[in-house]
Each structure stands twice: as structure tokens, then as C-alpha cells.
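The values are calculated or read from the model by the stated rules, or taken from the named source; none is laboratory data. This one's a predicted model, so the numbers in the text were calculated from it and none came from an experiment. Ideal geometry is used to build each Cβ from the backbone, glycine not excepted, and the neighbour counts take in all protein chains shown. With ligands, DNA and RNA removed, areas are computed over all heavy atoms of the protein, side chains included. Shrake-Rupley method; radii C 1.70, N 1.55, O 1.52, S 1.80 Å.
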Amino acid sequence: MRRRRSLMTHTNKMTDTNGHSDHYKPRAFPHGFLWGTATSSYQVEGGNVRADWHAFEQQGGKIADGTTCGRGVDHWRLWKRDFEMLQKGLHNNAYRLSVEWSRLETAPGVWDEEAFSHYRDMLCDLKARGVTVMLTLHHFTNPAWLAQRRGWETGYAMRRFCLFTEKVVETLGAYVDLWITINEPMVYVLEGYVMAEWPPQKKSKMLAVRVLWNMARAHRGAYRVIHRSSTRHGRKAMVGMASNVSSFHSYYKHRLLDQISVALIDRFTNHLFYMLTGMKTHDFLGLNYYFHLRLKSVWHYVRSFMFGTANEQFPVDFESSDIGWELFPHGIFDVCVDLKVYKKPIYITENGLATENDDKRLRSLIGYLVQLHHAIQAGADVRGYFHWSLLDNFEWAKGYAPKFGLVGVDRRTMERTPRASAEIYGLIAKDNAIDHDFLRFLGHGTRHILADWKRGR
Ligand code: BGC
């Protein structure tokens, strides 16, 4: 029997009159929930030749698939078309993007007003479409001039970042609803100073600690700057950062030592930046969730931090993305419920997977959303979800090979093709709920689910 549309408006407290198990009941999200997608400037815009990443690529920095960022996916030029798709195709009521510091401040204190006005047009367009704007100020890239002055290794970066923040708030603040100061400082430090695969490629634990500390200071400074400047303009600001959080579990659940080590590792990763900045400088928690780590021994994790070795491998069969990251939807429940202790609103600022297999993308997406819904039921104040990513894009040292986009991009023609998962995500966003059919027929193939769902309407 086909279900009728009316079920979509039921809350999940209602029982399914068709006698379907709880498992397939539609999941309705709280009123006003934000359904969005996320991108970052360097990964999509193209032409960011003043960034340290560009210099890194020019100087022979290793990109796994032999590409360079180059034109990106031409978002700088095609943004209007992309926003049209975001609003009308994906029914997103929110979008997370970043501004490229190196584009806006071409030399210390020298502002490119044209670039500001370009961003103003973009943000203004999003607002006109009724889209909530989440703006990131730092997403891994730096102006080359800053990198030449030892980047985040000194307090200079923090001072410059605060001045940059002030200018952005003054110029673009009227269009921003939610601010992200820094994206994933821990990843920045790990990739740039521990594994040394990203610029500035310096293997130094001392510098890693110093950079993290400077980023924490910069977050605190930017938090104050945004609030001060917004208040001056009679606006209310909401400020946070995007933290990479992982879920952990111990392989040997019965071993006390391993249980303790999991708890310590959790503090050291998921909570560290909050400890460094203090919770007063976070109006909300921005969480990027991708990783589930199974820890077999305390020493493995210590070793992997010290020497940059990979996630522990186990003789278990788990599903993973094309780049080998385990898909573990339950983990998003765990982190949201764990971070409830801070009593702050939570936004999932990133979650997604790289895959050429769109059925897998959809299965994973719905799996994560069901767990997120579950976390809300368990009392986590989750207010929005931003899927990574709207478009296929430049995946840093992995190049363009990994496909993270709900929308595919042909980089030769720059043509955009929404995948079937984009359409289903759009239907979920539109209904503010996960339809029964999407749960019931999950695993039957994306196109099949969509066709089936359309027949039922
Ligand atoms: C980053 C993105 C990146 C994504 C997938 C996040 O850590 O913020 O820039 O593309 O993960 O790797």
C-alpha cells in the first residue's frame, strides 16, 4: 500500500496506521530547523592566487590526483546559478560559505573593495531568497603574505585576523546570521604541523601547540570583535567555530585501561579547543562530523598522534566512503548527546562522504539524519544540518577525485548535475521531515526510491 502525503505532517509520536514498524515512521524535525549545505571559498571559487595553498601547489605541493585547484568549480562566476539550485532544487533554507581572506586583504591593511562588493552581492542574493547565512572567516587558507610572516606561529596572525574580522563584520555583517570564526583548527594543525602534508608542511610538535594556542586566542578575539561591532550596528550576532568531532569506541570494552583511554582521547580531541577558548566565547557549537575511531590500544592513539600513523584497522566489516572513511551514523548521535553538557545550541556544520556511488551517499545521509533526529529526541538542542557539500570540489591534498557533492560538476564544462540524492535531500528539507518511503525503501537504490515516492503522490 502506498502511503499518503498526510503522513508527512504527523509527528513521530504518532503511530503508523499502516502498521509499519517504528523503524520506518516519518521523522519530523523541530520547527525552524535549518537544512543547508556547506562549501568553502578555496575549494569552490577558483582563482584564489593570493592564498598560501596556491603557492604550495605552485611550489610542487603534493596533490594525490595530480590536479591543482585552479578554477575550482567556478563558483566565483556561477554563484547565482548555484544559489538558484540551492533554493529551488534543494529547498535549502540555509547555506554555509566562507570568505577568502587572501582575496579581501591583498596586503596587510590593503582591502580589495571590489571583492567585498562581490561577496556583498552573493550574501544579499541569499538573503533575498530567504536563506539563513552561516559565514566562515577562516577555512584552512591564509593570505600568502601572512604565510611569509610565519603564519599562525606568532601572535601577528591573531592580530591581523581580528582586524580582518572587524572589516568583514563592518562590510558584510548585515547579511550574516551565524558566524564561524575558524574551521577545524585541530585539523589545520594536524595536517600542517603534525603530518605536514598541507602548507606550511612543518613537522614540529612545538609549533603545532603554538599554532593551536594562537588560533584559540584568535577565536576569542574575533568573538569579541563580532559582538562589539554588531552591537554598534544594532544587530544581534551568533558566533561559534566549526570543530571536527569524532566518535570513539574501545575495541576491548571490558578493559578498564582502554575505557579510560577512550575518555581521555575524547577530552583531548572533541573538547580541547573548547577548553582553550572557554565556553563563554561560543554562542553555539558547530560540529563537523566525519570520523568514528575504534581504539584497540591506548598506545596506538599516542603513536598515531606522535608519528601520524593512520586509524587502527580491525578485522570487522564496515562500510566506508571512497576514501576509506568509515560510515558510522550512530556516531553523530553519540557526539551530539555527549556535547549536550555545554547547554548550547548545536549545528552540524559539516557531514557527508566522498563517493561515486549515489545510492551509498543517500543511504549514509538518511542514516545520519535518523540518528540526528534521535539525538534531538534525547534532548540535544540541534538546530540545523549542513551537508558537505553542495558541489563536488577541491578536496585539498586529495584533489578533485573525491566526489563530496550532492551536485556533480563536470570540470571541463563546469556543468552542474544534481544527483538523485540532492533531490531527496531537497524533499526532506522541504517537508522538514524524513518521509516514510525514504526509510522504508532505503537500500533499493536512489532512483528507485524517488520513482516510487513520486508514484505515491
Ligand atoms: C573540511 C572540508 C573538507 C571536508 C572533507 C572538513 O574537514 O572542513 O574543507 O573538504 O572535511 O574532507
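The figures follow:
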{"quantity": "Amide hydrogen neighbours beyond the local backbone of Thr136, cut-off 5 Å, H modeled", "calculated": "Leu97, Ser98, Val99, Ile180"}
{"quantity": "Rg in Å to one decimal, and Dmax rounded to a whole Å, for the chain via C-alpha atoms", "calculated": "21.6, 67"}
{"quantity": "Inter-part distance where the stretch 417-457 and the stretch 248-288 are each reduced to a Cα centre, Å", "calculated": "35"}
{"quantity": "Counting DSSP beta bridges with both ends in the chain, the antiparallel % (nearest 5)", "calculated": "20"}
{"quantity": "Karplus-derived 3J(HN,Hα), 6.51/-1.76/1.60, for each residue of the stretch 73-80, Hz, glycine and proline x", "calculated": "10, 6, 5, 4, 9, 9, 4, 5"}
{"quantity": "Amide proton proximity set for Ala433, modelled H, under 5 Å, gap of 5+", "calculated": "Phe29"}
{"quantity": "Residues of type aspartates and glutamates that Lys343 reaches as a straight line, Cα spacing below 19 Å, ignoring anything fewer than 8 places off in the same chain", "calculated": "Asp266, Asp283, Asp334, Asp381"}
{"quantity": "Distant-in-sequence amide H partners of Phe291 (H built 1.01 Å from N, under 5 Å)", "calculated": "Ser247"}
{"quantity": "Accessible area per residue, Å², the chain with all protein chains present, probe 1.4 Å", "calculated": "41"}
{"quantity": "Contour minus Cα-Cα distance for Arg149 and Arg267 (0.36 nm per residue)", "calculated": "39.2 nm"}
{"quantity": "Solvent-accessible surface (1.4 angstrom probe) belonging to Trp325, in square angstrom, nearest 10", "calculated": "60"}
{"quantity": "Label-point separation, Ala64 to Ile260 (7 Å along Cα→Cβ), nm", "calculated": "3.7"}
{"quantity": "Apportionment of accessible area to carbon and sulfur, the stretch 324-385, percent (1.4 Å)", "calculated": "51"}
{"quantity": "Out-of-range pairs (alpha-carbon distance over 20 Å; input Lys25/Lys430; Lys127/Lys454; Lys167/Lys236)", "calculated": "Lys127/Lys454"}
{"quantity": "Largest-first principal axis extents of the Cα set of the stretch 183-308 (Å)", "calculated": "55, 34, 21"}
{"quantity": "20 Å tail of the calculated P(r), the stretch 72-160, as % of Cα pairs", "calculated": "43"}
{"quantity": "The stretch 156-287 - percent of accessible surface contributed by carbon and sulfur, probe 1.4 Å", "calculated": "61"}
